[in-house]
Amino acid sequence: MKVCIIGNNLTSLALAKALVNKEIFVDILYKYKNISLDKTRTIGLSKSNINFFIKNISNINKILWPIKKIKIFSENSGNKEIIKFNDPNNNLFSIMSNYKLYNQLNSELCKNKYYKSKKSISLKSLIKLDHDLIINCDHNHEITKKLFFKKFEKNYDSFAFTTIIEHKKLIMNNTAIQIFTNRGPVAFLPISNNKTSVVYSMRSKVNENNFDMKKFISRFNSFYEIQKINKISKFQLKALSLRKYYKSNILAFGDLLHKLHPLAGQGFNMSVRDINKLLNVIDRRIELGLPLDQTVCKEFQNQTKSDNFIFSEGIDFVYEFFNSQNTIRNKLVDTTIKYIGKNKFLNEYFKKIADVGLKT
Ligand SMILES: Cc1cc2nc3c(=O)[nH]c(=O)nc-3n(C[C@H](O)[C@H](O)[C@H](O)COP(=O)(O)OP(=O)(O)OC[C@H]3O[C@@H](n4cnc5c(N)ncnc54)[C@H](O)[C@@H]3O)c2cc1C
């Protein structure tokens, strides 16, 4: 059995590692062998996804930083926290740097005999190579433009700013902080006792070149004694859901299937849940002695597409609800968050959805 994965991004490497662990041959096709990794980017991974990742993909324990508490504020509530989540017995989720995960997966794959990486080729030449399955994770490959162009897309008229702040060492830097500012949410996500990643999604129709992110951080930070603010990255935010996940034995995957607003930190978590579902489909076929062919793509789409769509729409709803500049709505937002925080059932329900998605 031989699978081809197009693209050498985080999702491609995680999926490739999951497949070679099952002794399936994987060819990764890359456009640029050494991609320059944005060191300001971090990913929050849920508890259940961490367990799955460690068991089936790679032991990421060493690169994870645990989050034990989440505190939520809003610009209008001043410095008063409006809700907090904590779980005294467990971590709520964990944060890791994208580049650390990438380097770990890349170095493990390079040592694996089932793995090869090659320069990308055209669709016509690729089909001649006769892989059982082709999985496309590359936004820029011609396959995406030819086969996977029908999608629901939304431009948030927002820009994401990401950076890492270095600050005085805290004894326990394990609390994630989210502030709903009048122009969008900003999150402070600890990655060590003296470093915290900052993710701000700012509503703006135009690219405001004179926006001062450092000033913004100083304005909303009352938690850390900041010593240095590292390089700041900035990019436009979009959401998308692909209408059809596959064409014959070619399956689209990862951010190509669903791109979300980063508000809830769920984009990569969804892709990890997708890897889990795809592995189950593949396992069942192997057990039954069946080949890996386009029925894998069909079954995967049947199992994931509607849940993924509902989940993405849910995140979009949360974004729209919490991002109004209207003062009456702002009060409603604060009241709703407080209600969710105090209501034990809703509090647990939201924690569970963020951890395992729609299905338990
Ligand atoms: C600011 C930010 C914070 C995030 N935080 C989390 C998190 O805490 N937990 C989590 O599970 N997922 C998170 N995600 C999503 C996660 O980063 C992507 O799913 C993952 O990086 C896909 O990487 P890739 O290399 O596989 O895909 P690629 O296809 O190579 O990368 C996709 C590209 O799109 C960018 N991107 C991702 N989402 C969007 C978006 N909505 N709009 C515009 N560009 C986007 C990525 O930065 C990357 O450059 C976040 C995304 C953004 C933009």
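Whenever a residue of the range 312-323 is touching a residue at least 12 places away in the same chain (Cβ under 8 Å), its partners that are hydroxyl-bearing (S, T, Y) and surrounded by fewer than 17 Cβ atoms within 10 Å (Cβ to Cβ), lying with C-beta atoms within less than 9 angstrom and at least six residues away or across chains, give the pairs F321/T336; F322/T336. For the range 227-252, which residues satisfy the criterion of being within 9 Å of the ligand (Cβ to nearest atom) and crowded, with 19+ Cβ neighbours inside 10 Å? Hits for the range 227-252 are L237, A239. Applying a threshold of 8 Å to beta carbon distances and a minimum spacing of six or more residues, or different chains, the list of pairs starting in the range 266-288 at a residue that is farther than 21 Å from I50 by Cβ and without any contact (Cβ under 8 Å) to a residue 60 or more places away in the chain and ending at one that is part of a helix (DSSP H, G or I) and away from the ligand (no atom under 16 Å from the Cβ) reads V281/V296; V281/E299; V281/F300; V281/Q303; R285/T295; R285/V296.
On inspection, T175 does not qualify as within 11 Å of the ligand (Cβ to nearest atom), of a type in the set (S, T, Y) and in contact with a strand residue (DSSP E or B) (Cβ under 7 Å, 6 or more places away or on another chain). Scanning the range 150-166 for residues that are away from the ligand (no atom under 16 Å from the Cβ), more than 30 Å from Y224 (Cα to Cα) and either of a type outside the set (S, T, Y) or more than 23 Å from the chain's Cα centre (by Cα) (or both) turns up at least one hit. Cβ-Cβ contacts under 7 Å between residues 6 or more apart (or on different chains), taken from a first residue in the range 241-258 that is over 17 Å from L15 (Cα atoms) to a second residue that is assigned to a loop (DSSP other than H, G, I, E, B), are listed as L242/F148; L242/L257; R243/K150; K244/K150. Residues of the range 15-29 include at least one that is of a type in the set (S, T, N, Q) and more than 14 Å from the ligand (Cβ to nearest atom).
As a summary of the residue check, D132 satisfies the conditions (1) closer than 25 Å to L256 by Cβ; (2) crowded, with 19+ Cβ neighbours inside 10 Å except for the one numbered (2).
Against the test of being at pLDDT 95 or above and either out of contact with any Leu (no Cβ under 7 Å at 6 or more places or on another chain) or on the phi > 0 side of the Ramachandran plot (or both), the options L242, L279 yield a single qualifying residue, L279. You will find that of D87, D38, the residue that is under 30 Å from Q178 (Cβ atoms), away from the ligand (no atom under 12 Å from the Cβ) and in contact with a helix residue (DSSP H, G or I) (Cβ under 9 Å, 6 or more places away or on another chain) is D87 and no other. Answer with yes or no whether K31 is among the basic types (K, R) and either touching a His at 6+ places or on another chain (Cβ under 8 Å) or surrounded by 22 or more Cβ atoms within 10 Å (Cβ to Cβ) (or both). Yes, satisfied. Tell me yes or no: at least one residue of the range 128-135 is among the hydrophobic types (A, V, I, L, M, F, W, C), within 11 Å of the ligand (Cβ to nearest atom) and either within 20 Å of N9 (Cα to Cα) or touching a residue at least 24 places away in the same chain (Cβ under 8 Å) (or both). No; the residues of the range 128-135 include none that is among the hydrophobic types (A, V, I, L, M, F, W, C), within 11 Å of the ligand (Cβ to nearest atom) and either within 20 Å of N9 (Cα to Cα) or touching a residue at least 24 places away in the same chain (Cβ under 8 Å) (or both). Among the residues making up the range 181-198, those that are within 16 Å of the ligand (Cβ to nearest atom) and out of contact with any Leu (no Cβ under 7 Å at 6 or more places or on another chain) are T181, R183, G184, V186, A187, F188, L189, P190, I191, K195, V198.
Being in a helix (DSSP H, G or I), modelled with pLDDT of 90 or more and touching a strand residue (DSSP E or B) at 6+ places or on another chain (Cβ under 9 Å) narrows it down to one residue among T144, T196; which is it? Selected residue: T144, the only one of T144, T196 that is in a helix (DSSP H, G or I), modelled with pLDDT of 90 or more and touching a strand residue (DSSP E or B) at 6+ places or on another chain (Cβ under 9 Å). Name, by its number, the condition in (1) modelled with pLDDT under 90; (2) out of contact with any helix residue (DSSP H, G or I) (no Cβ under 6 Å at 6 or more places or on another chain) that does not hold for G357. Failed condition: (2). Within the range 253-265, the set of residues being farther than 17 Å from F180 by Cβ, within 6 Å of the ligand (Cβ to nearest atom) and not charged (D, E, K, R) comprises G254, L260. Checking the range 112-125 against the condition returns a match, with at least one residue being at pLDDT below 95, polar (S, T, N, Q), part of a loop (DSSP other than H, G, I, E, B) and surrounded by 14 or more Cβ atoms within 10 Å (Cβ to Cβ). The conditions of being modelled with pLDDT of 85 or more and within 17 Å of the chain's Cα centre (by Cα) are not met by I72. Can you confirm whether K47 is surrounded by fewer than 22 Cβ atoms within 10 Å (Cβ to Cβ), of a type in the set (K, R) and closer than 24 Å to S197 by Cα? Considered against the rule, which asks whether it is surrounded by fewer than 22 Cβ atoms within 10 Å (Cβ to Cβ), of a type in the set (K, R) and closer than 24 Å to S197 by Cα, K47 comes out as yes. Can you work out which of the residues in the range 171-193 that are surrounded by fewer than 17 Cβ atoms within 10 Å (Cβ to Cβ) and farther than 27 Å from N76 by Cβ is nearest to the chain's Cα centre (by Cα)? Here the answer is S192.
The values are calculated or read from the model by the stated rules, or taken from the named source; none is laboratory data. Just so it is clear, the structure is predicted and the values come from calculations on it, not from any experiment. Positions of Cβ are generated from backbone atoms using ideal geometry, with glycine treated the same way; all protein chains shown enter the neighbour counts.
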